[in-house]
């Protein structure tokens, strides 16, 4: 009789199980999985802020629907990171430099996707701050800080991982792209946080 295949779904674990798995150096989860969890929390807080804010009904509905989609997508990426890890583990075991390079690209792709989605989230949070900061300031500010944590974690991981690739062009482009993205979004986050601070102190 063939052995039953059991696929463990980490995104369905409770917070205690998930964080314990992240803390295990020999475990399957890594930085991108943790960043995806933080990113999901950022989206959830942003969605809560959007549900409290008042503005044009059609636009608010658009923001709320997309924040919910983004939250679900980030939860989904917790397990997608595991797929990249398994490719990396197999490539290292085989010892083929080309396969290792390909695996680095696969692993970095998940972190890159989290960064891209956090950029989308920050754009939505910036728009939300222009609509009605006063009604949702604490949640809006918390969403920004969670998004930045996920963004920075993935940025550090991607740049570090890319440096281990034998493809030096890939390593350079990865570092430069992240520098450009951060330079673009850092002022946006400051603008949101300034509005949050003003609303709280008003």
Checking residue 92 against (1) loosely packed, with under 14 Cβ neighbours inside 10 Å; (2) at pLDDT 95 or above, only one condition comes out false. Which one? (2)
Could you pull out the residue among 114, 110 that is touching a helix residue (DSSP H, G or I) at 6+ places or on another chain (Cβ under 6 Å), buried (at least 23 other Cβ atoms within 10 Å of the Cβ) and more than 13 Å from residue 43 (Cβ to Cβ)? 110
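Can you work out which of the residues in region 150-164 that are surrounded by fewer than 17 Cβ atoms within 10 Å (Cβ to Cβ) and part of a helix (DSSP H, G or I) is farthest from the chain's Cα centre (by Cα)?
163
To keep it simple, each residue is scored yes or no on (1) out of contact with any helix residue (DSSP H, G or I) (no Cβ under 9 Å at 6 or more places or on another chain); (2) assigned to a helix (DSSP H, G or I); (3) buried (at least 19 other Cβ atoms within 10 Å of the Cβ).
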residue: 138; (1), (2), (3): no, yes, no
residue: 166; (1), (2), (3): no, no, no
residue: 176; (1), (2), (3): yes, yes, no
residue: 192; (1), (2), (3): no, yes, yes
residue: 200; (1), (2), (3): no, yes, no
Say whether the condition of being closer than 16 Å to residue 146 by Cα, at pLDDT 95 or above, in contact with a helix residue (DSSP H, G or I) (Cβ under 7 Å, 6 or more places away or on another chain) and not in a loop (DSSP other than H, G, I, E, B) is met by at least one residue in region 56-67. yes
Members of region 1-28 that are touching a helix residue (DSSP H, G or I) at 6+ places or on another chain (Cβ under 9 Å), under 20 Å from residue 107 (Cβ atoms) and at pLDDT 80 or above: 9, 10, 11, 18, 21, 22, 27, 28
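Mind counting the residues in region 69-89 that are crowded, with 16+ Cβ neighbours inside 10 Å and under 30 Å from residue 132 (Cβ atoms)?
Adding up the residues that qualify gives 6.
The values are calculated or read from the model by the stated rules, or taken from the named source; none is laboratory data. Being a predicted model, the structure only gives us computed values, none of them experimental. Every residue, glycine as well, gets a Cβ built from its backbone with ideal geometry; the counts of neighbours run over all protein chains shown.
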